[in-house]
Amino acid sequence: MNRRKFPGLSGATARVATCYPNVTLDQTSLSQSQKLVAEVLKGMQGLPQQKNMLLGYPINMATPPEEFFSWRKELFAVGLNQFGFNNVGSPYAHSHVPFNSHLFEKELINRFGAVYGFSSGNIWGFLTNSGTDSNMHGLYMGRTILKNQTGEIPKIYFTREAHYSIQILTDLLNLEWVIVGTDRDGSMDIDDLERQLKANPNHPALVVATIGTTFKGAIDSIDGIQAKLKGRTSYLHLDAALFGGYLPYTQFAADLLHEIPDQGTEKKVKRYDSIAVSCHKFFGFPSPAGLFITTRENFEIFLTQFGQIHDPEYILQIPGTITCSRDAVKPAEFYFFSSESAFIKHAADAESMLNNTTYLLKEMMTHYSYLQPVRANRQSNTIYFRKPSDSVVNRYSLAVMGVEIDRERVPYVHVVVMPHASKEILDQFLTDLGKKEG
């Protein structure tokens, strides 16, 4: 290419116009690359047949119903996934850019907010990129509100059983952490929390309660924590990545209610400040995403401080979100999982899942008691036990972790019974547990 291909351009303009990356693709390398891609795709062809064998991680591998893919086509027809939609800003505020799915996002947050017992008209949130992203916003909001209330940076309290993202985010937000001990089942030791709070009287408390710990499936007591926080300036965030998806559709729904009646009065008692729930775990949304839900009241306090950090005037609102440009496709797609029929399916999946967990524990106690299987509580879909043979670990992608037993680290694994883990799959797993390697 030369200047003659740009008629009318001269001087500096012509020089700029003729500058471009001089890339020559090597045909041999290109051919090898294409072969590699073909081999990778060929190797992935068997994955759909293997997906139900994934038992070690909390991902629902069940394929969504046909109606979900029909909904995707409806969204595609209006441009979503065809060109640049963007959910920048709060879904509860007017967006100057019309290419967004804020209305879907706001409605699904309102629906799930009601599921978790938030008062109508006092709900705020958005769909995040993941459970970690939801946790990040909860911790950032808590730190900002507490610092505004007291002038002091809070200390953050959580257990070693909490998801590793909490440690990462603690470091990212430059917070001083306080590790709280755990009870035998892996849940937060409320008495130790009280001791740790008393040891740090001059700092507000940002507490993370895990509703379904990563490995053992333990549940930190929301009400127990609140009892120890009484009279203390605090913010309580729930990391309910997995259990938060299914508990509202079970007999344990009250465990996650944001507000409960104050006995003897007509008032309601707030139990926590914000909650994070993953969309790709129990719900089976085929892409990482998360719910972040808090009160409108918390958000407005936070927004006042957030606006002092940055007020992006050109988007005509203070967004109140850490992420600026946000995915508009995911909220519109996940809206499908917030319908009345979807809630009915969630309830059926939750019941089946917990029944299958009970079944697995009973069978393991009957036939493999030497593996010392444990279920932390009736709400849990997780069974953890001593590590079996490598062939079983590898076939079912079991997560291996050291568990302290009598002051010794012992290798354990866990099975997380997700909706795709049918009795047939669990029976196959139980059979393979009895086989000897080699």
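Under 16 Å from the Cα of LYS198, which aspartates and glutamates turn up, not counting those fewer than eight places away in the same chain?
LYS198 reaches GLU176, ASP189.
Given the Cα-Cα distance of GLU404 and LYS436 and 0.36 nm per residue of separation, how much length would full extension add, in nm? Display every interim value, and only then the final one.
Working: separation 32, 0.36 × 32 = 11.52 nm, distance 2.61 nm.
Between GLU404 and LYS436, full extension yields an extra 8.9 nm.
Among DSSP bridges having both ends in the chain, what percentage is antiparallel? Round to the nearest 5.
Beta bridges within the chain, antiparallel portion: roughly 60 percent.
Using +1 on the beta carbon of Lys and Arg, -1 on that of Asp and Glu, and nothing else charged, what's the dipole of the chain about the Cα centre, debye to 20?
Here the size comes out at about 1000 debye.
Would you please give the residues with an amide H less than 5 Å from that of THR159, counting only those at least 5 places away or on a separate chain, with H modeled from the backbone geometry?
Correct list: VAL180.
Please work out how much length the chain gains when fully extended from GLN50 to SER70, using 0.36 nm per residue of separation minus the C-alpha to C-alpha distance, in nm with one decimal.
4.7 nm
Just to be sure I understand the curve: with the Debye formula and one point per C-alpha of the range 214-264, what is log10 I(q)/I(0) at q = 0.14 Å⁻¹?
So the normalised log intensities work out to -0.45.
Accessible area per residue, 1.4 Å probe, Å², for the range 369-438: what's the number?
Ligands and nucleic acids excluded, the result is 52 Å² per residue.
Using Cα pairs under 8 angstrom and six or more residues apart, how large is the relative contact order of the chain, in percent? Display every interim value, and only then the final one.
Working: 726 pairs, mean separation 92.5, N = 438.
With pairs under 8 Å counted, the relative contact order is 21 percent.
Distance in nm between label sites at THR63 and GLN82, each 7 Å beyond Cα in the beta-carbon direction?
The modelled label-to-label distance comes out at 2.6 nm.
With a Förster radius of 41 Å, plug the Cβ-Cβ distance of LYS362 and SER31 into 1/(1 + (r/R0)^6) and report the FRET value to the nearest 0.05.
Taking R0 as 41 Å, the efficiency between LYS362 and SER31 is 0.15.
With N set to the number of residues, divide the alpha-carbon radius of gyration of the chain by 2.2 N^0.38 Å and report two decimals.
Dividing the Cα radius of gyration by 2.2 N^0.38 Å gives 1.14.
Say we join alpha carbon atoms closer than 10 Å with springs in a Gaussian network model of the chain; which of LYS362, LYS268, LYS423 then has the biggest fluctuation?
Largest GNM mean-square fluctuation: LYS268.
Report, please, the projected area of the range 388-430 averaged over directions, based on the convex hull of its C-alpha atoms, in nm².
With every direction weighted equally, the projected area is 3.5 nm².
Sequence neighbours fewer than 8 away in the same chain don't count; with that in mind, list the lysines whose C-alpha is under 17 Å from LYS345.
LYS281
Who wins for biggest fluctuation among GLY244, GLY84, GLY113 in a Gaussian network model of the chain, springs between alpha carbons below 10 Å?
Per the Cα network of the chain with a 10 Å cutoff, GLY84 tops the list.
Restricting things to alpha carbons, tell me how big the range 311-395 is in terms of Rg and Dmax, in Å.
In Å, with Rg to one decimal and Dmax whole: 21.8, 65.
Using only Cα atoms, locate the centre of the range 292-321 and the centre of the range 186-213, then give the distance between them in Å, rounded to an integer.
28 Å
Please report, in whole Å³, the volume per residue of the convex hull around the C-alpha atoms of the range 136-243. Working shown, then result.
Numbers: hull volume 9.1 nm³, N = 108.
Cα-based convex hull of the range 136-243, divided per residue, equals 85 Å³.
Restricting everything to alpha-carbon atoms, can you work out Rg to Rh for the range 337-438 with a Kirkwood hydrodynamic radius?
Values: Rg = 15.1 Å, Rh = 14.7 Å.
Computed over Cα atoms, the ratio is 1.03.
What's the center-to-center distance, using Cα atoms, between the range 376-433 and the range 335-355 in Å?
Cα centroid of the range 376-433 versus Cα centroid of the range 335-355: 25 Å apart.
For LYS362, which lysines qualify as cross-link partners when the Cα separation must be under 22 Å and same-chain residues fewer than eight apart are set aside?
LYS216, LYS387, LYS423, LYS435, LYS436
Give, in nm to one decimal, the length gained when the segment between LYS267 and ILE315 is fully stretched (0.36 nm per residue of separation minus the Cα-Cα distance).
Result for the pair: 13.4 nm of gain on full extension.
The values are calculated or read from the model by the stated rules, or taken from the named source; none is laboratory data. Source: prediction; values computed, not measured. Backbone-built Cβ (ideal geometry, glycine too); neighbour counts: all protein chains shown. Accessible surface is based on the protein model in full, side chains and every heavy atom, while ligands, DNA and RNA are left aside. Shrake-Rupley method; radii C 1.70, N 1.55, O 1.52, S 1.80 Å.
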